[in-house]
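In what follows, a structure is listed as structure tokens, so that the remarks can point back to it.
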Amino acid sequence: MENKEAGFSPELTAFILEWKDKPGNLIMLLHRIQEEYGFIPRSAAETLARMIDLPLAKIYGVVTFYHFFKTSKPGKNRIAICLGTACYLKGSQDLIDEARDLLNIEGDEVTDDGLFSIDAVRCIGCCGLAPVLQVGNEVFGKVQKDQIAEIIAKFRT
Amino acid sequence: MVKAKINSQEVEVAEGTTILEAAEKFHVKIPKLCHNDDLEPWAACGICVVKNGKSPKLLRACCTPLEEGMNIITTDAELVQTRKTVIELILSTHPDDCLACPRNQECELQRLAAEFGIRDQPFPKRLRNLPVDDSTGAIVLNPEKCIRCGRCVKVCQEMQDVWAIEFLGRGEKTRIAPAGDVKLGEGPCIRCGQCAAHCPVGAIYENDQTTEVWEALMKTGEGERTCVVQIAPAVRVALGEAFGLKPGTNVTKKIYAALRRLGFDMVFDTNFAADLTIMEEGTEFVRRFTAAGVGAPLPLITTCCPAWVDYLEKYWPDMIPNFSTAKSPQQMMGAMIKTYWAAQAKVDPAKIFSVAIMPCTAKKFENSRNETMYSSGHKDVDITLTTRELARMIKQAGIDLVNLPDENADSPMGPYTGAGVIFGATGGVMEAALRTAYTLVTGEELKEVAFTSVRSMTGIKEAQINMKGTIIRVAVAHQMGNIETVLRQVVEARAAGKETPWHFIEVMACRGGCIGGGGQPYGCTDEVRKLRIRGIYDEDDVSTYRCSHHNPYIKKIYTEFLEKPGSHKAHGLLHTHYVARPIYMK
């Protein structure tokens, strides 16, 4: 199978071929592609469509249904702010507003330098630390609005 | 069998029958919206809720099977209120511009709102500001009006297997759109218009070009334009529905009369061009089938259906050599109007405005599909209107279609044979071709011209025709989703070095053929399709001539102008070519 357009790595290609005929494979495959690219590029979706013989529309239906999947490239640092019940009650919406203000971006936008994007996520599993914010794999608990600038600065370098 | 009660009435139905089907069988009406007879129910809208005995749970009648001993209540004050709330919720995201909507008075949501006496809208409006997509030139998608019932998506994916549209996003933000943020015209859409024919509201509709036709008609009076019109086979058995007639009522002669009253100078019939298509395509088939065509690929595949042509170019480009090069009747008529007729009538073809009335939205695309659609040196067909648009023009003009006198089409391209009229139904092109091919192959005339084995609503039909010892194997497929099975067998036989399973294949993109086209009056079900098909074969049954090659005007056009079928001149005007195209242009 040729994958020139999307330039799939041999590992990714092997993974897709392994899962090709297994029922319910699409989500798994999309996870893997997003792991590789950070989002689901259109060309990758098209290549995947050909490889597993599925209409592109079907893939986009799934990709756009789940908030987790992105169709555009996110920032180098993805700031995930939890909007789960505990975090929300502890004021995490203010954290999102503050981060968006400081970075001057809205929704799924990415900062001009490509460094940051903000995701409003649901529970990330540490409600005791509410409100919680995560950048990459680093978790920040009991975050106050005035700490946001400091956290952003830490990842700017 | 299952015994149960619906509104206290004892009913007995086959196992698996839904509550909705059972109710309809016993003349109990349950309001519905997302449900459509062509599609499996999927419970999107929630209008059809009913109760079972004293249970407080509301069941969706469309997808809940009736079970033994159920005591179904289809209406009470609470159910009416629930349904009304559902309608109010739908209206909260639906614009209120009914007066200027393409579906005004033909909208299923509007009708429900009227039936439920909606007077105020308690929920705040949350309209979605989404852009209109008119990129196909044939159908228009206005997502703002979409109620997300999902019919179009199911039609496009399940019936047609085209996958031009999908639900994107989720929840309140769900919208119907092509994948990957392309426009409809840049993706897999084949413009068959089945989405438009199935949409209950004004979210997908044909690109209305009646204004352009009115403008041209205005110029005829001033001698600047000569307006010539043709009507397709399937239009005549469906247009009447827009004027209260039963589906299948043949109003051919009233359409001619109406077209003259609209201001057209010449009224021709596409059925004549269908006869011409048979002469060209039948000759092409026999040439490929007999020794003369050694090396020419079989099966020959019909190309009258522009949605099918589009599909094949995108999905099966390897089969292009199997495509008949004969143009569709619409385009043959267009070419003949601006050459043969123009010369005969001494009219400057540059001043001719050629309009085609078609059951089809894809025909709007076909008329400028490639440079061969300009074979007369001008655009052979300037505008294609659907049956629905013609109905609109007749209503605008205040013409009482039903009470018009019967009139005839104009010579020389009006008179047609029974073979021409059956083009509008699935199997019709094949049958018409076989009637002429028989004579071409055997040199004899058929005694019995009806090939009933290619008729019926079965998705894929096969037949073997014995032409005095020569066996011709044919297949007929309609409804785009059915074609893959047929082509796959052809491809597999070829790959295995075996003989082709069929010599001749007819394909029509819409269920039932053109009579079920995307531009036909709304409310098409299999029952309606069967009546329309009946209307077509009834006319064939009583036709004086039933084979295209018997049409005296066809003989005349070859003698006077085209020389003989497949001649150099015929090739220049009546044939086209195809090219592989990507499914996604962007």
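Being facing chain B (nearest Cβ under 10 Å) and in a helix (DSSP H, G or I) is the filter here, so list the residues in segment A:51-60 that pass it. Lay out the reasoning, then the answer.
Step one: filter segment A:51-60 for residues facing chain B (nearest Cβ under 10 Å), giving A:54-60.
Listed by number, the residues that qualify are A:56, A:57, A:58, A:59, A:60.
So which residues in segment B:228-274 are on the phi < 0 side of the Ramachandran plot, in contact with a Lys or Arg (Cβ under 8 Å, 6 or more places away or on another chain) and not aliphatic (A, V, I, L, M)?
Residues satisfying the conditions are B:240, B:247, B:250, B:252.
Which residues, taken from segment A:29-45, are within 14 Å of chain B (Cβ to nearest Cβ) and under 13 Å from the mean Cα position of the chain (by Cα)?
Let us first name the residues in segment A:29-45 that are within 14 Å of chain B (Cβ to nearest Cβ), namely A:30, A:39-45.
Result: A:30, A:39, A:40, A:41.
Examine segment B:128-137 for a residue that is more than 14 Å from every other protein chain (Cβ to nearest Cβ) and assigned to a helix (DSSP H, G or I), and state whether such a residue exists.
Checked against the condition, which is being more than 14 Å from every other protein chain (Cβ to nearest Cβ) and assigned to a helix (DSSP H, G or I), segment B:128-137 yields no hits at all.
Exactly one of (1) out of contact with any Phe, Trp or Tyr (no Cβ under 6 Å at 6 or more places or on another chain); (2) crowded, with 24+ Cβ neighbours inside 10 Å; (3) at the interface with chain A (Cβ under 9 Å from one of its Cβ atoms) is unmet by residue B:202. Its number?
(3)
Scan segment B:494-509 for residues that are in contact with a Ser or Thr (Cβ under 9 Å, 6 or more places away or on another chain) and either touching a residue at least 12 places away in the same chain (Cβ under 8 Å) or among the acidic types (Asp, Glu) (or both) and jot them down. Walk me through how you get there before you give the answer.
If we filter segment B:494-509 for residues that are in contact with a Ser or Thr (Cβ under 9 Å, 6 or more places away or on another chain), which is where we start, we get B:494, B:504-508.
Listed by number, the residues that qualify are B:504, B:505, B:506, B:507, B:508.
Residue A:118 fails exactly one of the following numbered conditions: (1) within 14 Å of another protein chain (Cβ to nearest Cβ); (2) touching a strand residue (DSSP E or B) at 6+ places or on another chain (Cβ under 8 Å); (3) not in a helix (DSSP H, G or I). What is the number of that condition?
All conditions are met except number (1).
Among the residues of segment B:346-363, write down those that are in contact with a strand residue (DSSP E or B) (Cβ under 6 Å, 6 or more places away or on another chain) and more than 13 Å from residue B:334 (Cβ to Cβ).
Within segment B:346-363, B:347, B:351, B:361 meet the criteria.
Conditions (1) at pLDDT below 90; (2) surrounded by fewer than 20 Cβ atoms within 10 Å (Cβ to Cβ); (3) over 21 Å from residue A:108 (Cβ atoms); (4) out of contact with any His (no Cβ under 8 Å at 6 or more places or on another chain), marked per residue:
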{"residue": "A:5", "(1), (2), (3), (4)": "yes, yes, yes, yes"}
{"residue": "A:11", "(1), (2), (3), (4)": "no, yes, yes, yes"}
{"residue": "A:14", "(1), (2), (3), (4)": "no, yes, yes, yes"}
{"residue": "A:36", "(1), (2), (3), (4)": "no, yes, no, yes"}
{"residue": "A:50", "(1), (2), (3), (4)": "no, yes, yes, yes"}
{"residue": "A:53", "(1), (2), (3), (4)": "no, yes, yes, yes"}
{"residue": "A:63", "(1), (2), (3), (4)": "no, no, no, yes"}
{"residue": "A:69", "(1), (2), (3), (4)": "no, yes, no, yes"}
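Quick check, is residue B:193 crowded, with 20+ Cβ neighbours inside 10 Å and closer than 20 Å to residue B:38 by Cα?
On the way: crowded, with 20+ Cβ neighbours inside 10 Å: yes; closer than 20 Å to residue B:38 by Cα: yes.
Yes: the conditions hold for residue B:193.
Condition check: surrounded by fewer than 24 Cβ atoms within 10 Å (Cβ to Cβ), modelled with pLDDT of 95 or more, under 30 Å from residue B:447 (Cβ atoms) and in the same structural domain as residue B:308 (by TED's automatic domain parsing). Does residue B:468 satisfy that? Steps first, answer last, please.
Details: surrounded by fewer than 24 Cβ atoms within 10 Å (Cβ to Cβ): yes; modelled with pLDDT of 95 or more: no; under 30 Å from residue B:447 (Cβ atoms): yes; in the same structural domain as residue B:308 (by TED's automatic domain parsing): yes.
So residue B:468 fails the test.
Tell me which residues, restricted to segment B:139-181, are assigned to a loop (DSSP other than H, G, I, E, B), buried (at least 20 other Cβ atoms within 10 Å of the Cβ) and either modelled with pLDDT under 95 or facing another protein chain (nearest Cβ under 10 Å) (or both).
B:162, B:163, B:164, B:165, B:178
Just the residues that are farther than 10 Å from residue B:18 by Cα, touching a strand residue (DSSP E or B) at 6+ places or on another chain (Cβ under 9 Å) and among the charged types (D, E, K, R), please, taken from segment B:40-70.
Those that are farther than 10 Å from residue B:18 by Cα, touching a strand residue (DSSP E or B) at 6+ places or on another chain (Cβ under 9 Å) and among the charged types (D, E, K, R): B:51, B:54, B:57, B:68.
Taking residue B:208, is it crowded, with 24+ Cβ neighbours inside 10 Å and under 25 Å from the mean Cα position of the chain (by Cα)?
Values: crowded, with 24+ Cβ neighbours inside 10 Å: no; under 25 Å from the mean Cα position of the chain (by Cα): yes.
No, not satisfied.
Residues of segment B:186-204 being over 18 Å from residue B:480 (Cα atoms) and assigned to a helix (DSSP H, G or I), which ones?
The one that is over 18 Å from residue B:480 (Cα atoms) and assigned to a helix (DSSP H, G or I): B:186.
Would you point out the residue of segment B:471-525, among those that are hydroxyl-bearing (Ser, Thr, Tyr) and within 19 Å of the chain's Cα centre (by Cα), that is surrounded by the fewest Cβ atoms within 10 Å (Cβ to Cβ)? Break it down into steps so the answer makes sense when it comes.
Restricting attention to segment B:471-525, the residues satisfying the condition of being hydroxyl-bearing (Ser, Thr, Tyr) are B:485, B:500, B:522, B:525.
Then drop every residue that is not within 19 Å of the chain's Cα centre (by Cα), which leaves B:522, B:525.
On the way: B:522: 17, B:525: 15.
It comes out as B:525.
Check every one of the strands (runs of 3 or more DSSP E) wholly within segment B:1-110 and list those with 3 or more residues that are surrounded by 15 or more Cβ atoms within 10 Å (Cβ to Cβ) and touching a residue at least 12 places away in the same chain (Cβ under 8 Å).
Details: elements: B:2-6, B:9-13, B:49-52, B:58-60, B:71-73.
Hits in segment B:1-110: B:2-6, B:49-52, B:58-60.
When you go through A:48, A:26, A:12 one by one, which is the residue that is more than 14 Å from chain B (Cβ to nearest Cβ) and in a helix (DSSP H, G or I)? Walk me through it before giving the result.
Working: A:48 fails: more than 14 Å from chain B (Cβ to nearest Cβ); A:26 fails: more than 14 Å from chain B (Cβ to nearest Cβ).
Among A:48, A:26, A:12, only A:12 is more than 14 Å from chain B (Cβ to nearest Cβ) and in a helix (DSSP H, G or I).
Taking the residues in segment B:526-551 that are assigned to a helix (DSSP H, G or I) and among the basic types (Lys, Arg) as candidates, determine which candidate is surrounded by the most Cβ atoms within 10 Å (Cβ to Cβ). Show your work before the answer.
Narrowing segment B:526-551 to residues assigned to a helix (DSSP H, G or I): B:526-541, B:548-550.
Remaining after also requiring among the basic types (Lys, Arg): B:529-530, B:532, B:534.
On the way: B:529: 25, B:530: 17, B:532: 31, B:534: 16.
Per the criteria, the residue is B:532.
If residue B:196 satisfies all but one of (1) in contact (Cβ under 8 Å) with a residue 60 or more places away in the chain; (2) more than 8 Å from chain A (Cβ to nearest Cβ); (3) more than 16 Å from residue B:134 (Cβ to Cβ), what's the number of the condition it fails?
Just one mismatch for residue B:196, condition (3).
With respect to residue A:90, determine if the residue is in contact (Cβ under 8 Å) with a residue 40 or more places away in the chain and outside the structural domain of residue A:33 (by TED's automatic domain parsing). Talk me through it step by step, then tell me what you get.
Working: in contact (Cβ under 8 Å) with a residue 40 or more places away in the chain: yes; outside the structural domain of residue A:33 (by TED's automatic domain parsing): yes.
When the stated conditions are applied, residue A:90 passes them.
Go through segment B:208-240 and give me each residue that's touching a helix residue (DSSP H, G or I) at 6+ places or on another chain (Cβ under 8 Å) and over 19 Å from residue B:330 (Cα atoms). So that I can check it myself, show each step before the final result.
Residues of segment B:208-240 touching a helix residue (DSSP H, G or I) at 6+ places or on another chain (Cβ under 8 Å): B:208-210, B:213-214, B:217, B:224-240.
Within segment B:208-240, B:214, B:217, B:224, B:225, B:240 meet the criteria.
Cβ-Cβ under 7 Å, sequence separation 6+ or interchain: first residue in segment A:61-76 and without any contact (Cβ under 8 Å) to a residue 40 or more places away in the chain and more than 9 Å from every other protein chain (Cβ to nearest Cβ), partner in a loop (DSSP other than H, G, I, E, B) and crowded, with 19+ Cβ neighbours inside 10 Å. Which pairs?
Listed by first residue and then by second, the contacts come to A:69/A:40; A:70/A:40.
The values are calculated or read from the model by the stated rules, or taken from the named source; none is laboratory data. None of the values given here were measured: they were computed from a predicted structure. Reconstructed Cβ throughout: ideal geometry from the backbone, glycine too, with neighbour counts over all protein chains shown.
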